[in-house]
Every structure is written in structure tokens, then in C-alpha cells.
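Input: a single structure, listed below in C-alpha cells.
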Amino acid sequence: MLLRARDDVSSDLMQVVTVTGASGIGKTTLSQLVYNDCRVENHFSLRVWICVTNGTTDIYEVTRTVLEAVSTVACDIEDLNLLQLRLGEELRGKRFLLVLDGWNRNCFNWDVLRGPFRSCRRGSRIVVTPYSESTLQMVNLMLIYHLNPLSNENCCNLFVSCAFASETVWQVPSYRSNIYIRVCEEMQRTSFSCQTLGILLRSKLIL
């Protein structure tokens, strides 16, 4: 979705990709893997990752963070308009990737945020991992990738591998595997829940 050309179907220079799915299903993990992929790194001239869930909810703060990341220089501009003009100059003609992790519909004005990105090279992308799917109403989305829950087998294998290192669910006694399957079903087959509970169980076993 990030690398293939879609420029002929939109006049928007910077299209939006959203990774949707239930909380804890792995939206951030998947986005990190894509962001750090060598093909993505070579495709985009500039890449910036901002974790909105860490409290970065002010449009000035986000704009300044992006500017300092792409220019590698600390910024002391206090006026938002001047800040965005400067960022637009830094991005002019460059293919740019911005990831907004944990986007919330109450964060800031979407249209104002995107202003400086109009100077980017066609093919630039914004990746959004929304806090909730109600956020999707706030942005004009072109590309959507929906994450489904893990299969029962993959969920159990992830849980068991975190809890017992090298084992898979099929390498443990059947009475234990049945318990693990029921546990994973209760966790709604999300990768975050499986990993967290597995690591917690492993720490208890070590103690």
C-alpha cells in the first residue's frame, strides 16, 4: 500500500493509509515493521514517527516535531503559520512518510495539520493507527488495511512461545493445550493480550 503507485486516482499529493482493528490486535507492531523495512526506507526520502498516545495532542507540537525530525535542527519558531511554512519548504519535492500512532478524533484539526504536506512529492503517505474506529470519520481515507484477530492456533502458539520459550501449543500435553485455547479465546485472540499474559506467566514460572 505504501510503495505502489496510486497517484493517477487522486489529486491529493499525500494519501492516507489507516491500519484498523481492535485495541491490542497489533496495529502499532505491524506499522513499526513496515516503517523499518528497508524497502520503505529506500522509497521515502524522509520518514517521521509520532506517537500521539504519548500526549502529543497539540497541532503546533506535532508540526514542530515533524520539522525538527526532517531538518535535524531544534526549532524556536513560535507562530504556527510560520512553522508550517518552514515545514512546507523542508518537504518540498520530497517523498515523505508520516506515521501518527494512536490517532484520536479529539487530537487536532486534520485539515490544518495537512497544510504543509501539499508541497511533498506525489506518492507521499500518512499512516494512521487510530485509537478507535470512530476516528475514521475525521480523515479523508484512500487506503484502508483492516487487521483481523489471530487464528486460534496462531494465538495459542504466540501465548505458549512467550510463556515457555521454544514450545508450541502442539508440543504440550493435551490437557494443557485445551486450557491455553480457552484462555486465548477469552483474550479475543489479540496479539498484545497473548504476549502480555504469556510473558507474565513465564515470569511467575521463573520465580
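The values are calculated or read from the model by the stated rules, or taken from the named source; none is laboratory data. It should be emphasised that the depicted structure is a prediction, and the values quoted were computed from it without experimental measurement. Reconstructed Cβ throughout: ideal geometry from the backbone, glycine too, with neighbour counts over all protein chains shown.
Within the bounds of region 28-48, is there any residue that is closer than 13 Å to Ser124 by Cα and assigned to a loop (DSSP other than H, G, I, E, B)?
yes
Rundown of residues vs (1) at pLDDT below 90; (2) on the phi > 0 side of the Ramachandran plot; (3) of a type in the set (Phe, Trp, Tyr); (4) over 18 Å from the mean Cα position of the chain (by Cα), yes/no style:
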site: Cys38; (1), (2), (3), (4): no, no, no, no
site: Ser45; (1), (2), (3), (4): no, no, no, yes
site: Asn54; (1), (2), (3), (4): yes, no, no, no
site: Val66; (1), (2), (3), (4): no, no, no, no
site: Ser71; (1), (2), (3), (4): no, no, no, yes
site: Ala74; (1), (2), (3), (4): no, no, no, yes
site: Leu85; (1), (2), (3), (4): no, no, no, yes
site: Lys94; (1), (2), (3), (4): no, no, no, yes
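Name the pairs whose Cβ atoms lie under 9 Å apart, with the first residue in region 190-204 and over 14 Å from Leu147 (Cβ atoms), the second among the aliphatic types (A, V, I, L, M) and exposed (fewer than 15 other Cβ atoms within 10 Å of the Cβ), and 6 or more positions between them or separate chains?
As it stands, the answer is Arg202/Ala165, since those pairs meet every condition given.
Is one or more of the residues making up region 18-34 modelled with pLDDT under 85 and of a type in the set (Lys, Arg)?
No: zero hits.
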